[in-house]
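The values are calculated or read from the model by the stated rules, or taken from the named source; none is laboratory data. Every value quoted in this text rests on a predicted model; they were computed, and no experiment measured them. For neighbour counting, all protein chains shown are included, and Cβ atoms are generated from backbone atoms with ideal geometry for every residue, glycine included. Only protein heavy atoms, including side chains, enter the accessible area calculation; ligands, DNA and RNA are left aside. Shrake-Rupley method; radii C 1.70, N 1.55, O 1.52, S 1.80 Å.
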Amino acid sequence: SQTIHQWPATLVQPVGSPLSLECTVEGTSNPNLYWYRQAAGRGLQLLFYSVGIGQISSEVPQNLSASRPQDRQFILSSKKLLLSDSGFYLCAWSTGLTGNTIYFGEGSWLTVV
Amino acid sequence: AQTVTQSQPEMSVQEAETVTLSCTYDTSENNYYLFWYKQPPSRQMILVIRQEAYKQQNATENRFSVNFQKAAKSFSLKISDSQLGDTAMYFCAFMKGGVEDSWGKLQFGAGTQVVVTP
């Protein structure tokens with residue numbers, strides 16, 4: 001069966017510091033991969049998606065970037081964090097088929113101080 | 001653009017009882033998919049149920065079932081025999097059909113907090 005893991009689960013970072021959140025998927029090949037952010041008490045906002053190695057699409061302009069160095073690895077990064085980057089970040093995957101279900105990781109709490 | 005509306009911010013239900021969560025959506029698409037996700041206190045987003053718009057039959061998953069009314073653009077979730085572990089925020093979500101349109105682009109409602117009491 002497929003599993004998805006992301007880490008770290010929580011982190012507190014000072015303003016201006018770099019960020020790296022990592023996500024890996026097991027049990028499937030060539031998945032679509034996604035990064036979402038959830039503001040407090042709200043639904044999820046899609047930040048990035050990737051349909052293959054090195055292929056990244058950004059949905060909203062922001063201070064963050066994403067990379068996919070391997071088929072089942074997806075990384076969310078920032079060179080200099082802003083206070084507004086605080087939030088709950090979820091990695092997710094799906095197959096490339098139309099309308100297919102998106103499965104989420106455990107999430108990472110980021111607090112920028 | 002599609003919008004998803006969940007009009008109930010919070011619902012309380014006793015164990016073993018049934019609760020129904022409402023969801024309406026606005027779209028001009030004919031090909032789309034609808035989902036219910038639950039988010040317990042752990043914050044992980046967990047799929048509850050999925051419905052293809054082209055299917056008239058309502059989806060069911062154990063104690064969870066939906067009432068999909070395509071013409072009315074309504075997609076309610078019924079939780080039967082509620083359990084304490086069902087306590088969570090429940091999100092209704094919409095996804096357009098078409099390969100590229102469906103890549104991660106879920107439109108979420110604001111969520112309904114379900115509290116199951118003993």
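To keep it simple, each residue is scored yes or no on (1) among the basic types (Lys, Arg); (2) under 12 Å from the mean Cα position of the chain (by Cα).
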site	(1), (2)
A:15	no, no
A:22	no, yes
A:34	no, yes
A:37	yes, yes
A:45	no, yes
A:48	no, yes
A:68	yes, yes
A:73	no, yes
A:79	yes, no
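Going through (1) closer than 18 Å to residue A:27 by Cα; (2) of a type outside the set (A, V, I, L, M); (3) surrounded by 13 or more Cβ atoms within 10 Å (Cβ to Cβ) one by one, residue A:86 falls short only on (1).
Taking region A:27-56 as the search range and keeping residues that are buried (at least 16 other Cβ atoms within 10 Å of the Cβ) and hydrophobic (A, V, I, L, M, F, W, C), which one is farthest from residue A:68 (Cα to Cα)? For region A:27-56, the residue satisfying everything is A:44. Checking every residue in region A:45-63 against the condition of being without any contact (Cβ under 8 Å) to a residue 12 or more places away in the chain and out of contact with any Phe, Trp or Tyr (no Cβ under 7 Å at 6 or more places or on another chain) gives at least one match. If you go through region A:1-26 and keep only what is assigned to a loop (DSSP other than H, G, I, E, B) and open to solvent by less than 50 Å² (accessible area, probe 1.4 Å), you end up with A:8, A:16, A:17. Applying a threshold of 7 Å to beta carbon distances and a minimum spacing of six or more residues, or different chains, the list of pairs starting in region B:30-54 at a residue that is facing chain A (nearest Cβ under 8 Å) and in a strand (DSSP E or B) and ending at one that is open to solvent by 30 Å² or more (accessible area, probe 1.4 Å) and among the hydroxyl-bearing types (Ser, Thr, Tyr) reads B:47/A:103. Of the strands (runs of 3 or more DSSP E) lying entirely inside region B:71-118, those carrying at least 1 residues that are under 15 Å from residue A:46 (Cα atoms), modelled with pLDDT under 95 and touching a Leu at 6+ places or on another chain (Cβ under 7 Å) are B:88-96, B:106-108.
Quick one: in region A:73-98, of everything that is without any contact (Cβ under 8 Å) to a residue 60 or more places away in the chain and touching a Gly at 6+ places or on another chain (Cβ under 9 Å), which residue is nearest to residue B:31 (Cα to Cα)?
Going through the qualifying residues, I end up with A:98.
Condition check for residue A:101 on (1) in contact (Cβ under 8 Å) with a residue 12 or more places away in the chain; (2) within 28 Å of residue B:51 (Cβ to Cβ): one failure, at (1).
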